[in-house]
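*Asks:* Encoded as structure tokens, here's the structure I'll be asking about.
The values are calculated or read from the model by the stated rules, or taken from the named source; none is laboratory data. Quantities reported herein were computed from a predicted structural model and do not represent experimental measurements. Note: ideal-geometry Cβ built from the backbone for every residue, glycine included; neighbour counts use all protein chains shown. What goes into the accessible areas is simple: the full protein's heavy atoms, side chains included, and nothing from ligands, DNA or RNA. Shrake-Rupley method; radii C 1.70, N 1.55, O 1.52, S 1.80 Å.
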Amino acid sequence: WRKMSKIVISGYYGFCNAGDEAMLSAMIGAFWDLEPGIRITVISGNPKDTAERHGVQAVHRFDLAGIARALRDADMLISGGGSLLQDVTSDRSLYYYLSIMWLAKKLGTPVMLYGQGIGPVGGSLARRVTRRICRQADLITVRDEGSKKELLELGVTRPEITVTADPVLGMHPVSPHAGRLVLRRYGMEGAKLLIGVAVRQWKNLSQYKRQMAEAADELIRRYQARIVFLPMQIPDDVMVSRSILQQMKEQKSAAILSERFSTTEFLSIVGNLDLLIGIRLHALIFGAVMQVPVIGLSYDPKIERFLASIGEQPVTDLESVTAQSVLEKVASFWPEEGERVNPQLAYTSRLREQAFYNAELALALLERKKRR
């Protein structure tokens with residue numbers, strides 16, 4: 001008889017962000033595949049939703065007494081996945097995630113950084129604190145070479161850093177059937193070409209929305225396509241999608257899927273697309289999981305790093321994107337009418353294995369700690 005492992009997962013969960021919820025779902029799924037009885041507690045912005053959605057225990061991210069209790073009782077803290085350690089969006093969140101890691105170590109609980117995307121970390125205090133706390137971790141895996149480089153530049157020389165892949169890439173493709181039903185409801189089924197668009201607001205930029213509207217109009221005219229907007233963060237992305245749709249002339253051939261979908265539903269919807277154009281990282285990753293060609297626009301190094309891992313480059317960044325640059329990239333996937341090209345497929349099976357390796361390394365560490 002052996003005692004079941006208990007882990008606590010810390011990350012940006014419970015905030016209606018489809019990418020982060022998919023990441024959590026993928027991590028839980030990988031752990032349960034490898035050790036079916038493992039007990040998981042998630043630190044969440046909405047514990048009730050997280051517990052119901054994922055079938056785990058959950059504690060509120062600001063319930064420090066509850067977090068300390070969970071960590072004291074746990075065999076390991078998993079910090080990840082996602083871009084938790086960066087100070088671009090805010091340094092408050094950076095210090096929050098570092099403090100959870102610090103608390104775990106204070107309570108004698110091993111810490112793993114799990115398939116994280118690291119950086120950029122700009123402030124000198126932020127860099128010092130990040131270096132100090134990351135060097136106390138027991139195991140670090142990152143989702144790309146750029147993140148490893150960032151940690152080494154911060155001076156995180158121990159523990160050894162293993163490059164794996166984003167946890168979501170370890171998910172199994174799902175049947176497109178449920179997604180087809182959703183698209184039918186929005187009148188988007190049966191298009192000659194169905195193109196998904198996943199956008200987000202970035203700083204106060206607005207020019208890219210006009211360019212995306214122009215590109216969408218031209219795709220509808222040139223390919224008899226339909227455009228489906230896929231908001232990953234609700235309600236923020238719905239508003240950005242609406243602002244692009246309002247600038248389009250061919251609005252009848254476009255729709256915004258404004259509901260909140262489960263990860264499986266989202267993947268199923270993506271499985272019906274012929275192409276996905278994304279600013280959101282996890283929309284691009286959903287495309288890779290469902291073997292749909294993706295085109296990325298960059299606002300952050302994580303987009304470039306992911307695209308590089310599937311042999312691609314971003315069209316450009318949000319500040320300099322033009323409708324023309326998007327259309328040229330789309331045309332490269334359809335060189336001849338009716339001929340489909342997806343050079344990205346060659347990369348995805350290797351990434352799936354690497355994504356799953358995160359959980360294998362975590363459980364190997366648990367075993368080592370138990371034997372001591």
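*Asks:* Run the 1.4 Å probe and let me know the accessible area of Arg210, rounded to the nearest 10 Å².
*Replies:* My reading of the accessible area for Arg210 is about 110 Å².
*Asks:* Near Gln86, within a Cβ-to-Cβ distance under 10 Å, what is the net charge of the other residues, with Lys and Arg +1 and Asp and Glu -1? Don't jump to the answer; show the numbers that get you there.
*Replies:* Details: positive: Lys302; negative: Asp87, Asp91, Glu150, Asp300.
Value of the local net charge: -3.
*Asks:* Using a Debye calculation, one point per C-alpha and no hydration shell, please list log10 I(q)/I(0) for the stretch 145-203 at q = 0.29 Å⁻¹ in order.
*Replies:* -1.14
*Asks:* Right, another one. Which whole-Hz couplings ³J(HN,Hα) result when phi for each residue of the stretch 209-222 is put into the Karplus expression 6.51 cos²θ - 1.76 cosθ + 1.60, θ = phi - 60°, listed in order with x for Gly and Pro?
*Replies:* Values, residue by residue: 5, 5, 5, 5, 4, 4, 4, 4, 4, 5, 5, 5, 6, 6 Hz.
*Asks:* Net charge near Asp166, counting Lys/Arg +1 and Asp/Glu -1 over other residues with Cβ under 12 Å of its Cβ? Mind showing how you got there, number by number?
*Replies:* On the way: positive: Arg143, Lys302, Arg305, Arg352; negative: Asp20, Asp144.
Summing Lys/Arg as +1 and Asp/Glu as -1 gives +2.
*Asks:* Taking the Cα centre of the chain as origin and charging only Cβ (+1 Lys, Arg; -1 Asp, Glu), how large is the dipole, in debye to the nearest 20? Don't skip to the end; give the middle numbers.
*Replies:* On the way: 48 positive and 40 negative charges, 279 e Å.
Once rounded to the nearest 20, the dipole reads 1340 debye.
*Asks:* Please state, rounded to one decimal and in Å, the Kirkwood hydrodynamic radius that the stretch 95-226 gives when every pair of distinct Cα atoms enters the mean of 1/r.
*Replies:* It works out to 18.8 Å.
*Asks:* As a test question: what accessible area, to the nearest 10 Å², does Trp202 have when a 1.4 Å probe is rolled over all protein chains in place?
*Replies:* Counting only protein heavy atoms, the figure is 30 Å².
*Asks:* A follow-up question, please. Per residue, how many Å² of accessible area does the stretch 118-177 show with a 1.4 Å probe? Don't jump to the answer; show the numbers that get you there.
*Replies:* Values: 2710 Å² over 60 residues.
Ligands and nucleic acids excluded, the result is 45 Å² per residue.
*Asks:* Follow-up. Using only the Cα atoms of the stretch 192-346, each taken as one equal point scatterer with no solvent, compute I(q) by the Debye sum, divide by I(0), and report log10 of the ratio at q = 0.14 Å⁻¹.
*Replies:* Listed by q, the Debye log ratios stand at -0.61.
*Asks:* Among the listed pairs Lys48/Lys302; Lys192/Lys252; Lys209/Lys302; Lys249/Lys302; Lys3/Lys148, which have their C-alpha atoms separated by more than 26 angstrom in this model? It would help to have the intermediate numbers written out before the result.
*Replies:* Numbers: Lys48/Lys302 30 Å; Lys192/Lys252 15 Å; Lys209/Lys302 21 Å; Lys249/Lys302 33 Å; Lys3/Lys148 34 Å.
The pairs that break the limit, which is 26 Å between Cα atoms, are Lys48/Lys302; Lys249/Lys302; Lys3/Lys148.
*Asks:* Counting pairwise Cα distances across the stretch 18-137, what percent come out greater than 22 angstrom? Write down the numbers at each step before the final one.
*Replies:* Numbers: 2401 of 7140 pairs.
Percentage above 22 Å: 34.
*Asks:* So, one more: Of the residues Phe306, Phe62, Phe286, which exhibits the maximal mean-square fluctuation in a Gaussian network model of the chain defined by a 10 Å Cα contact cut-off?
*Replies:* Comparing Phe306, Phe62, Phe286 in a Gaussian network model of the chain, the most mobile one is Phe62.
*Asks:* Oh, and also: Spelling out what I want: for every residue of the stretch 8-17, take phi, set θ = phi - 60°, compute 6.51 cos²θ - 1.76 cosθ + 1.60 (Karplus), and round to whole Hz; glycine and proline get x.
*Replies:* These are the phi-based 3J(HN,Hα) values: 10, 10, 10, x, 8, 10, x, 10, 6, 9 Hz.
*Asks:* Oh, and also: Of Met232, Leu139, Phe306, which is farthest towards the positive pole of the chain's charge dipole, taken about the Cα centre with +1 and -1 on the beta-carbons of Lys, Arg and Asp, Glu respectively?
*Replies:* The residue sitting most towards the positive pole is Leu139.
*Asks:* Would you compute, from DSSP H runs of 4+ residues alone, the mean residue ellipticity of the chain at 222 nm, taking -39500 (n - 2.57) per run and dividing by the full residue count, rounded to the nearest 500?
*Replies:* Numbers: 14 runs with 173 residues, N = 372.
Taking each H run of at least 4 residues, the total per residue is -14500 deg cm²/dmol.
*Asks:* Measure off, as a whole percent, the carbon and sulfur share of the 1.4 Å-probe accessible area of the chain, all protein chains present.
*Replies:* In the chain, the share of accessible area belonging to carbon and sulfur is 50 percent.
*Asks:* Let me ask something additional. Check which residues have an amide H placed less than 5 Å from Phe229's amide H, if you skip close sequence neighbours.
*Replies:* Residues meeting the criterion, in which the H sits 1.01 Å from N, are Val197, Ala255, Ile256, Leu257.
*Asks:* Ordered by residue, what ³J(HN,Hα) values in Hz, to whole numbers, does the stretch 156-161 give under the Karplus form 6.51 cos²θ - 1.76 cosθ + 1.60, where θ = phi - 60° and Gly and Pro are x?
*Replies:* In residue order, the calculated couplings are 7, 9, 9, x, 4, 9 Hz.
*Asks:* If you add up the charges near Ser206, with Lys and Arg at +1 and Asp and Glu at -1, over every other residue whose beta carbon is less than 14 angstrom from its beta carbon, what do you get?
*Replies:* Working: positive: Arg200, Lys203, Lys209, Arg210, Arg242; negative: Glu214, Glu319.
Neighbourhood net charge equals +3.
*Asks:* Could you state, as a whole-number percent, how many of the C-alpha pairs of the stretch 199-272 are farther apart than 13 Å? Kindly include the intermediate steps, with their values, before the conclusion.
*Replies:* Numbers: 1762 of 2701 pairs.
Percentage above 13 Å: 65.
*Asks:* Please give, to one decimal in nm, the separation of the simple spin-label points placed at Ala68 and Arg210, each 7 Å out from Cα toward the Cβ.
*Replies:* Label at Ala68, label at Arg210, 5.5 nm between them.
*Asks:* Listed highest first by mean packing, meaning other Cβ atoms within 10 Å per residue, what order do 226-236, 86-96 come in? Can you show the working numbers first?
*Replies:* Details: 226-236: 21.7, 86-96: 15.7.
For the peptides 226-236, 86-96, the packing ranking is 226-236, 86-96.
*Asks:* Moving on to the next point. Provide the solvent-accessible area of Val163, counting protein heavy atoms only and rolling a 1.4 Å probe, rounded to the nearest 10 Å².
*Replies:* 40 Å²
*Asks:* Counting only C-alpha contacts under 8 Å and six or more residues apart, can you give the relative contact order of the chain as a whole percent? Write out the running numbers ahead of the final one.
*Replies:* Working: 721 pairs, mean separation 58.1, N = 372.
About 16 percent, as a whole number.
*Asks:* Next up: Using the heavy atoms of the protein chains alone and a 1.4 angstrom probe, what is the accessible area of the stretch 184-306 per residue in square angstrom? Walk me through the intermediate numbers first.
*Replies:* Working: 4580 Å² over 123 residues.
So the stretch 184-306 comes to 37 Å² accessible per residue, rounded to a whole number.
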